[in-house]
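Encoded as structure tokens, the structure appears first; notes follow it.
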Amino acid sequence: MIRPIAALAICLPFVAFPALAGDATAEIEARSVAFEAAFNAGDGAAVGAMYTEDAAVLPPGGARVDGRAAIVEFWTGAIAAGLADLDLVTAEVIPAGEGAVVEVGTLTLSAPGEGGARVNVAAKYIVHWKQVDGAWHLHRDIWNEGQ
């Protein structure tokens, strides 16, 4: 027979854990909005600053990009190449241990196409976020085309 105190000890983590996830969800959604705004403003440096120092970006069909400085260069180049109109939609935020969450979502953006036309691109993504000095930063960032 489980005693009331033991039952409380067993159930408490399941009661407290969703509250932590909910708090992180709002913060991650706000950080995603800030990422989107910096990207759409053409500010690759601000986008890159949202990553941890030892972050990695894993673009589809491209080489892994390691470290904040290289990530700034990557996003600055992507913006200069004409990627624009980024729209991020968070589908879920999953707790991933102390000070970490995984965000799953979808995105759309526009890219230069043939003859100067704009092409709409849709993709899905996963971001591993880490808290550094009390703020959430992207730590691993991967996406692929398609919904």
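The values are calculated or read from the model by the stated rules, or taken from the named source; none is laboratory data. The structure displayed is predicted, hence computed values, not measured ones. Reconstructed Cβ throughout: ideal geometry from the backbone, glycine too, with neighbour counts over all protein chains shown.
Each row is one residue, and each column tells you yes or no for (1) closer than 22 Å to Asn144 by Cα; (2) touching a His at 6+ places or on another chain (Cβ under 7 Å); (3) at pLDDT 95 or above.
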site: Arg3; (1), (2), (3): no, no, no
site: Ala21; (1), (2), (3): no, no, no
site: Ala37; (1), (2), (3): yes, no, yes
site: Ala46; (1), (2), (3): no, no, yes
site: Met50; (1), (2), (3): yes, yes, yes
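Among the conditions (1) at pLDDT 95 or above; (2) over 16 Å from the mean Cα position of the chain (by Cα); (3) assigned to a helix (DSSP H, G or I), Phe17 misses just one, which is (1). Figure legend. Inter-residue proximity from region 77-94: first residues farther than 11 Å from Phe39 by Cα, second residues of a type in the set (A, V, I, L, M) and not in a strand (DSSP E or B), beta-carbon distance below 6 Å, spacing 6+ or different chains. Indicated pairs: Val93/Ala24; Val93/Ile28. Criterion applied to Gly97, Gly113, Gly61 was being at pLDDT below 95, farther than 15 Å from Glu29 by Cα, in contact with a strand residue (DSSP E or B) (Cβ under 8 Å, 6 or more places away or on another chain) and not aliphatic (A, V, I, L, M), and the one residue passing it is Gly113. The number of residues in region 62-108 being in contact with an Asp or Glu (Cβ under 6 Å, 6 or more places away or on another chain) and assigned to a helix (DSSP H, G or I) comes to 1. Looking across Val104, Val89, Val65, Val119, one residue alone is of a type in the set (A, V, I, L, M, F, W, C) and surrounded by 15 or more Cβ atoms within 10 Å (Cβ to Cβ). It is Val65.
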